[in-house]
Amino acid sequence: MKCISFIKYATAASCLMSVASQAEINFSGFTSVNAGKVLSGTGVEHYNVPPTFLADYPIVSAYNEEWAMTPESLFGIQITADLNDGLTAIAQLVGRGAEDYSPEFEWAYLSYDINEHWTVQAGRKRLPLFYYSDFYDVGYAYVWMRAPADNYTWQIFNYNGINLMYNTDVGEWSLAANMYVGKEDDKENKLLGNFFFGDQTREIWKDMLGGVVNLSKDWFESRFTYMQYTNQRYVGGEKTMWGGLDSRKGKFFGAAFNMDFDDWFILSEINRLDLEFDGNLDTNMLTLGYRFSAYTPYVAYSSMKQKGDDVMDGENHNTTSIGLRWDFHDSAAFKVQYDKVKDNSHDFAVAGDSKSISFGIDLVF
Amino acid sequence: MNYFNKILVVIGLMLSNYAVADVAVIVNLENGDTIDANLIKKIYLGKAKVFPNGTKVKVYTLSSNQEDTKYFRQKALKKSNSQFKSYWSKLAFTGKGTPATKLDTAADIISAIKKDPKAIGFVNVKDVSSDVKVVKNY
């Protein structure tokens with residue numbers, strides 16, 4: 001019996017070793033080095049929040065009235081092991097200034113191409129809720145300093161689970177769709193713990209089931225998404241109850257439309273999170289940009305509004321931004337952005353009104 | 001005379017520019033598929049992963065800093081180098097695509113394509129040899 005299991009292990013190990021020796025390993029990565037400060041702001045007096053610009057909710061990248069480089073700077077490395085025949089293992093390590101650059105595995109998954117249309121992936125991945133969710137860390141891949149903060153207010157941004165992808169052509173159009181199931185148990189949620197409740201918060205999203213459909217052609221792209229989950233929460237070790245139950249349901253709906261007319265482009269996004277006992281959290285975003293040679297100036301507006309029967313004075317804030325991206329190098333871009341935030345809620349005020357400036361360099365390698 | 005010289009220089013520059021820029025998309029001699037501009041665009045943007053005959057495509061590219069690469073991306077894909085890289089960093093860092101394999105010289109591209117019926121690449125027209133098949137000129 002022991003002998004058999006030893007043989008099994010030995011066979012498995014030798015298989016792994018032979019696979020390992022065939023793997024083609026590639027390293028790639030991305031970096032952002034950013035700086036910013038609040039020019040003027042109200043803060044939230046009744047919550048003891050000084051003038052603050054919350055540039056990034058999930059990671060709690062907060063600028064105040066002094067220049068700071070840590071809130072949004074980051075360094076990411078991706079390791080791709082191509083094991084041939086459509087099998088790859090991918091990991092992404094990200095160190096953030098907001099977390100003293102201690103690296104974390106944001107992604108760690110296996111990917112297998114079943115055939116030319118279908119791919120299955122399993123492991124830890126970024127939760128693809130919003131359009132920019134899964135490449136949120138890769139500043140080089142988008143025009144702004146950051147994906148609009150008002151929209152990207154999610155507490156949970158990874159999941160552990162299985163993702164099934166489908167790709168096909170429909171005439172001029174390309175269709176990319178995926179479906180995923182998974183769970184995330186964040187023992188120390190930064191946004192809820194540090195920013196909202198001021199006490200260690202464990203946030204659980206389970207029974208996640210979601211899908212994304214992306215339909216694109218030359219100049220037009222549309223993306224539709226749905227996700228549902230069950231939420232459980234412990235604040236300071238205490239179970240949160242909603243209407244006598246220790247869990248509640250959330251449903252996320254989103255649509256994004258992008259149009260590219262050579263020099264001009266429009267980016268837009270509209271989303272709703274329908275969360276039991278918190279009503280509807282509606283987020284919208286619109287960006288207009290213009291490219292001339294290496295320069296891309298843009299204006300952007302984003303908003304978040306919470307509405308519902310149980311909600312009297314919910315979260316309600318918006319940001320107007322103007323900025324410039326300058327592709328001064330083949331693999332690097334300089335960006336500068338001015339943001340004006342209006343925080344219209346009293347009870348659910350986040351960081352108050354603010355005007356701020358931030359700039360930085362994004363690169364990929 | 002002076003004017004004439006200047007005109008000659010200008011024409012010469014235009015011609016040389018043209019000669020440097022012309023790029024051919026090439027595949028293995030065994031590849032009998034019809035590969036049009038639309039498919040080339042889809043392949044290089046990671047939207048098509050197979051040839052019409054169903055075989056998986058192996059995509060090659062020259063490095064970004066070469067004039068032929070810039071010209072190809074602009075002409076065939078309607079993207080500048082930074083737009084192209086920005087587009088691909090979105091796919092590569094989200095597990096949605098694998099970027100093309102980069103080779104240093106046209107000779108490397110031709111020898112890779114000569115060996116692999118699944119391969120596609122591009123080189124300057126002046127580097128094309130009878131070892132590969134041209135499917136499209138830009």
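Summary of values
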quantity: Scope region A:105-130; condition surrounded by fewer than 17 Cβ atoms within 10 Å (Cβ to Cβ) and β-branched (Val, Ile, Thr); matching residues; calculated: A:Ile114, A:Val120
quantity: Residues satisfying the stated conditions in region A:68-109, i.e. within 12 Å of chain B (Cβ to nearest Cβ), on the phi > 0 side of the Ramachandran plot and hydroxyl-bearing (Ser, Thr, Tyr); calculated: none
quantity: Of residues in region B:112-129 being surrounded by fewer than 19 Cβ atoms within 10 Å (Cβ to Cβ) and not hydrophobic (A, V, I, L, M, F, W, C), the one nearest to the other protein chains (Cβ to nearest Cβ); calculated: B:Lys118
quantity: Residue match in region A:177-191 (condition: surrounded by fewer than 22 Cβ atoms within 10 Å (Cβ to Cβ), within 14 Å of another protein chain (Cβ to nearest Cβ) and not hydroxyl-bearing (Ser, Thr, Tyr)); calculated: yes
quantity: Meets criteria (within 22 Å of A:Ser331 (Cα to Cα), within 12 Å of another protein chain (Cβ to nearest Cβ) and touching a strand residue (DSSP E or B) at 6+ places or on another chain (Cβ under 9 Å)) for A:Asp137; calculated: yes
quantity: Members of region A:203-221 found to be surrounded by fewer than 17 Cβ atoms within 10 Å (Cβ to Cβ) and under 19 Å from the mean Cα position of the chain (by Cα), listed by number; calculated: A:Lys206, A:Leu209, A:Gly211, A:Val213
quantity: Of all residues making up region A:122-134, the number that are of a type outside the set (A, V, I, L, M) and over 15 Å from A:Val212 (Cα atoms); calculated: 2
quantity: Matching residues in region A:156-176 - criterion: being crowded, with 20+ Cβ neighbours inside 10 Å, farther than 12 Å from A:Leu215 by Cα and either over 18 Å from the mean Cα position of the chain (by Cα) or facing chain B (nearest Cβ under 10 Å) (or both); calculated: A:Asn163, A:Met165
quantity: Subset tally (residues that are surrounded by fewer than 18 Cβ atoms within 10 Å (Cβ to Cβ), in contact with a Lys or Arg (Cβ under 9 Å, 6 or more places away or on another chain) and over 26 Å from A:Ala333 (Cβ atoms)) for region B:51-77; calculated: 3
quantity: Residue in region A:181-196 that is among the polar types (S, T, N, Q), without any contact (Cβ under 8 Å) to a residue 60 or more places away in the chain and touching a helix residue (DSSP H, G or I) at 6+ places or on another chain (Cβ under 6 Å) present; calculated: no
quantity: Count of residues meeting criterion [under 24 Å from A:Asp82 (Cβ atoms) and in contact with an Asp or Glu (Cβ under 6 Å, 6 or more places away or on another chain)] in region B:63-98; calculated: 2
quantity: Check on A:Gln232, in a strand (DSSP E or B), over 18 Å from the mean Cα position of the chain (by Cα) and either buried (at least 18 other Cβ atoms within 10 Å of the Cβ) or not basic (Lys, Arg) (or both); calculated: yes
quantity: Answer residue from region A:110-124, given it is part of a strand (DSSP E or B) and in contact (Cβ under 8 Å) with a residue 40 or more places away in the chain and is farthest from the chain's Cα centre (by Cα) among those; calculated: A:Trp118
quantity: Test: A:Leu267 is within 17 Å of the chain's Cα centre (by Cα), without any contact (Cβ under 8 Å) to a residue 24 or more places away in the chain and assigned to a strand (DSSP E or B); calculated: no
quantity: Helices (runs of 4 or more DSSP H) contained in region B:65-138 and holding at least 2 residues of a type in the set (Ser, Thr, Tyr) and under 13 Å from the mean Cα position of the chain (by Cα); calculated: B:67-77
quantity: Subset of region A:331-349 [in a loop (DSSP other than H, G, I, E, B) and farther than 18 Å from A:Phe195 by Cα]; calculated: A:Ser331
quantity: Residue in region B:78-111 that is nearest to the other protein chains (Cβ to nearest Cβ), counting only those that are of a type in the set (Lys, Arg) and surrounded by 17 or more Cβ atoms within 10 Å (Cβ to Cβ); calculated: B:Lys90
quantity: Scan of region A:335-365 for residues that are of a type in the set (Phe, Trp, Tyr) and within 14 Å of another protein chain (Cβ to nearest Cβ), ordered by number; calculated: A:Phe365
quantity: Enumeration of residues in region A:125-162 that are small (Gly, Ala, Ser) and part of a loop (DSSP other than H, G, I, E, B); calculated: A:Ala147, A:Ala149
quantity: Single residue of region A:319-334 satisfying the filter (crowded, with 18+ Cβ neighbours inside 10 Å and closer than 30 Å to A:Gly41 by Cα) that is farthest from the other protein chains (Cβ to nearest Cβ); calculated: A:Thr319
quantity: Members of region A:163-175 that are over 14 Å from A:Asp113 (Cα atoms) and either among the acidic types (Asp, Glu) or in a strand (DSSP E or B) (or both); calculated: A:Asp169, A:Val170, A:Glu172, A:Trp173, A:Ser174, A:Leu175
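All of the numbers you see were taken from the coordinates with simple rules; none came from a lab. Predicted model only: the values in this text are computed from it and were never measured. All Cβ positions, even for glycine, are placed from backbone atoms using ideal geometry, and neighbour counts span all protein chains on display.
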